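J.: Pasting in a structure now, in structure tokens, and then I'll have a few things to ask.
The values are calculated or read from the model by the stated rules, or taken from the named source; none is laboratory data. On a predicted model such as this, the values are computed, not experimentally measured, just so you know. When we count neighbours, we look across all protein chains shown, and the Cβ atoms used for this are built from the backbone with ideal geometry, even at glycine. Heavy atoms of the whole protein, side chains included, go into the accessibility calculation; ligands, DNA and RNA do not. Shrake-Rupley method; radii C 1.70, N 1.55, O 1.52, S 1.80 Å.
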Amino acid sequence: MNFSEVFKQSNQLCKVSPDGKYLATCVQYRLVVRDFNSLQIVHLYTFLDPVMHMEWSSDSLFILCAMYKRGLVQKCQIILHLTKTHDLIVTVWSLCTKSVSYIKYPKACQKGIDFTADGRYMALAERRECKDYISVFVCDDWHLLRHFESETQDLAGLEWSPNSCVLAVWDSCLEYKILLYSLDGRLLSSYSAYEWSLGIKSVAWSPSSQFLAIGSYDEKVRILNHITWKKITQFEHPATIINAKAVVFKEVEKRPVVGSEDLSIHQLTVDNSLFSTQSKYEITQLPAQVPVIKPDPDRANPKIGISALAFSAGNHYLATKNDNMPQNLWVWDMQRLSLLAVLEQTAPVRCFVWDPHRPRLALCTGNTKVYLWSPVGCVSVNVPVEGSFQVQSLFWHCSGSSLVLLSKEHICLCYVDGVKCGLCSQAEH
């Protein structure tokens, strides 16, 4: 692996353009646009207030920058703002015709707006007279295609399938209910696993739209199929792993012993590599115990249940995280519908993301390392930069050739093209 030099960023605002050519970062009042290959600055913009949100347009020609303190969005197409009557309004600004459209009654919820993958339609959750509604708009001219009432008590989110044919709508955590609607508003199916307990916590479509994964507070993932919309299996996250077909990779740390003859003034003052903790993965014998944290029942939003799940690009694997087992990442084989691997880290998993083209999973835990898993094995790599680079989050370049690593105030590129995850016994770096 190779690493770039370190650049500054603020508020974790760093995104690659959809065409992969540019890297945009926000540094307080400035927006810096770099050529992704050379990392040379190609554009530099200055604003009146710190940028709090930033997004690329789908054609990579525009960047949306929001300054919440001023209620201002520059180079934008969609704005959310509060009116004098305290009703939310969606304002749509056309960058082509300069026309303005207004949509009333959007619901402020976890995920109340979503576009189809082809960009043709937008689904919007609405709240009127204590009832949930869904509106589907045609994005070409923003006319209303369908408007219908949702069979939810308190709609929490909605998401289109990757093939843009089905809209998944789920209720708040107080009721386990997920609804599947067609583009014309017909209810295709509804699913509820249980009642009278905290319900859905996360939802993810497979890239092929064949599977819908539902993570819930009961520490299980249920998989629905796209033909009958019935459950085909469920994945549990037990405290003791006994599945003989699963491999448990445990991260083991080792701090290097450095003699005085190995030190120099430069290494003592600048270089962090001599003192950074090294780690590798070791295979744990089964049955294996998984570290479990008991949630506080008196606190809201208890740390329990499946908070994150993601399918690999080829639909072959599913990665999940159970909040009361924060140091573990679970990988499931979707062809065999069984547990394939468990990664036990020394610190809670902060972020994990699949390579957009290959079955390769990257994750970080807030330390100076980046981790990779593939069907071949696992690898742990220190980020060799001056000072301490604590990786808080990461994401892949659209080509899958590199990773963008983000610390609290800096970014660094990790070039992984051609790198294969070695066996755990070879994973020490």
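J.: Restricting the range 414-429 to residues that are assigned to a loop (DSSP other than H, G, I, E, B) and crowded, with 20+ Cβ neighbours inside 10 Å, which is modelled with the highest pLDDT?
T.: Residues of the range 414-429 assigned to a loop (DSSP other than H, G, I, E, B): 416-423, 427-429.
Then keep just the ones that are crowded, with 20+ Cβ neighbours inside 10 Å; that gives 416, 421, 427.
Numbers: VAL416: 88, CYS421: 56, ALA427: 37.
In this case the residue turns out to be VAL416.
J.: Report yes if some residue within the range 238-259 is basic (Lys, Arg), at pLDDT 95 or above, surrounded by fewer than 18 Cβ atoms within 10 Å (Cβ to Cβ) and in a loop (DSSP other than H, G, I, E, B); otherwise report no.
T.: no
J.: Now a separate question. Which residue is modelled with the highest pLDDT, if the candidates are limited to the range 173-184 and must be open to solvent by 20 Å² or more (accessible area, probe 1.4 Å) and in contact with a strand residue (DSSP E or B) (Cβ under 9 Å, 6 or more places away or on another chain)? Walk me through how you get there before you give the answer.
T.: The first filter runs over the range 173-184 and keeps only residues open to solvent by 20 Å² or more (accessible area, probe 1.4 Å), leaving 173-175, 177, 183-184.
Then keep just the ones that are in contact with a strand residue (DSSP E or B) (Cβ under 9 Å, 6 or more places away or on another chain); that gives 173, 175, 177, 183-184.
Details: CYS173: 90, GLU175: 93, LYS177: 97, LEU183: 93, ASP184: 92.
Filtering the range 173-184 for residues that are open to solvent by 20 Å² or more (accessible area, probe 1.4 Å) and in contact with a strand residue (DSSP E or B) (Cβ under 9 Å, 6 or more places away or on another chain), the one modelled with the highest pLDDT comes out as LYS177.
J.: Hey, another quick one. When you go through (1) within 30 Å of ILE89 (Cα to Cα); (2) touching a residue at least 12 places away in the same chain (Cβ under 8 Å); (3) of a type outside the set (S, T, N, Q); (4) assigned to a strand (DSSP E or B) one by one for GLY215, which number turns out not to apply?
T.: Of everything listed in (1) within 30 Å of ILE89 (Cα to Cα); (2) touching a residue at least 12 places away in the same chain (Cβ under 8 Å); (3) of a type outside the set (S, T, N, Q); (4) assigned to a strand (DSSP E or B), GLY215 misses just condition (1).
J.: Now, a different point. Give the number of residues within the range 126-168 that are within 19 Å of LEU212 (Cβ to Cβ), without any contact (Cβ under 8 Å) to a residue 40 or more places away in the chain and not hydroxyl-bearing (Ser, Thr, Tyr).
T.: Residues in the range 126-168 being within 19 Å of LEU212 (Cβ to Cβ), without any contact (Cβ under 8 Å) to a residue 40 or more places away in the chain and not hydroxyl-bearing (Ser, Thr, Tyr): 1 in total.
J.: Across the range 185-200, which residue is nearest to ALA300 (Cα to Cα) among those that are hydroxyl-bearing (Ser, Thr, Tyr) and either open to solvent by 70 Å² or more (accessible area, probe 1.4 Å) or in contact (Cβ under 8 Å) with a residue 40 or more places away in the chain (or both)? Give the steps one after another, and end with the answer.
T.: We begin by selecting, within the range 185-200, every residue hydroxyl-bearing (Ser, Thr, Tyr); these are 189-192, 194, 197.
Okay, now just the ones that are also either open to solvent by 70 Å² or more (accessible area, probe 1.4 Å) or in contact (Cβ under 8 Å) with a residue 40 or more places away in the chain (or both), so 189, 191.
On the way: SER189: 31, TYR191: 25 Å.
For the range 185-200, the residue satisfying everything is TYR191.
J.: Among ILE113, ILE79, which is the only one that is at pLDDT below 85, aliphatic (A, V, I, L, M) and under 29 Å from PHE47 (Cβ atoms)?
T.: Working: ILE113 fails: at pLDDT below 85.
The conditions single out ILE79.
J.: Let me ask something else about it. Counting only residues that are surrounded by fewer than 20 Cβ atoms within 10 Å (Cβ to Cβ) and under 19 Å from ALA310 (Cβ atoms), how many does the range 400-413 have?
T.: Final tally of qualifying residues: 1.
J.: Another question, if that's okay. Scan the range 95-109 for residues that are in a loop (DSSP other than H, G, I, E, B) and surrounded by fewer than 14 Cβ atoms within 10 Å (Cβ to Cβ) and jot them down.
T.: If we filter the range 95-109 for residues that are in a loop (DSSP other than H, G, I, E, B), which is where we start, we get 95-99, 105, 107-109.
If the condition is that a residue be in a loop (DSSP other than H, G, I, E, B) and surrounded by fewer than 14 Cβ atoms within 10 Å (Cβ to Cβ), then LEU95, CYS96, THR97, LYS98, SER99, ALA108 are the ones that fit.
J.: Follow-up. Would you point out the residue of the range 23-45, among those that are over 21 Å from LEU95 (Cα atoms) and hydroxyl-bearing (Ser, Thr, Tyr), that is surrounded by the fewest Cβ atoms within 10 Å (Cβ to Cβ)?
T.: Among those residues, the one meeting the criterion is SER38.
J.: Additional query: Which ones in the range 11-22 are open to solvent by less than 30 Å² (accessible area, probe 1.4 Å) and farther than 13 Å from MET52 by Cβ?
T.: At the first step, the residues of the range 11-22 found to be open to solvent by less than 30 Å² (accessible area, probe 1.4 Å) are 13-14, 16-17, 20.
Across the range 11-22, the qualifying residues are CYS14, VAL16, SER17, GLY20.
J.: Collect the residues in the range 371-382 that are of a type in the set (A, V, I, L, M) and in a loop (DSSP other than H, G, I, E, B), keeping them in residue-number order. Show your work before the answer.
T.: To start, the set of residues in the range 371-382 that are of a type in the set (A, V, I, L, M) comprises 372, 376, 379, 381.
VAL376 - this is the single residue of the range 371-382 that is of a type in the set (A, V, I, L, M) and in a loop (DSSP other than H, G, I, E, B).
Yes or no, residue by residue, for (1) assigned to a strand (DSSP E or B); (2) open to solvent by 10 Å² or more (accessible area, probe 1.4 Å):
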| site | (1), (2) |
| --- | --- |
| ASN315 | no, yes |
| VAL331 | yes, no |
| LEU339 | yes, yes |
| VAL349 | no, no |
| ARG358 | no, yes |
| ALA362 | yes, no |
| PRO384 | no, yes |
| CYS398 | no, yes |
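J.: Looking only at the range 212-223, decide whether some residue is open to solvent by 10 Å² or more (accessible area, probe 1.4 Å) and within 29 Å of LEU144 (Cα to Cα). Steps first, answer last, please.
T.: Within the range 212-223, the first condition is being open to solvent by 10 Å² or more (accessible area, probe 1.4 Å), and the residues that meet it are 217-220, 222.
Narrowing the set further to residues that are within 29 Å of LEU144 (Cα to Cα) leaves none.
No.
J.: Can you report the number of residues in the range 122-158 which are under 26 Å from the mean Cα position of the chain (by Cα) and open to solvent by 40 Å² or more (accessible area, probe 1.4 Å)?
T.: Of the residues in the range 122-158, 1 are under 26 Å from the mean Cα position of the chain (by Cα) and open to solvent by 40 Å² or more (accessible area, probe 1.4 Å).
J.: Report the residue count in the range 1-60 for those that are assigned to a strand (DSSP E or B), touching a residue at least 60 places away in the same chain (Cβ under 8 Å) and hydroxyl-bearing (Ser, Thr, Tyr).
T.: Selection size over the range 1-60: 1.
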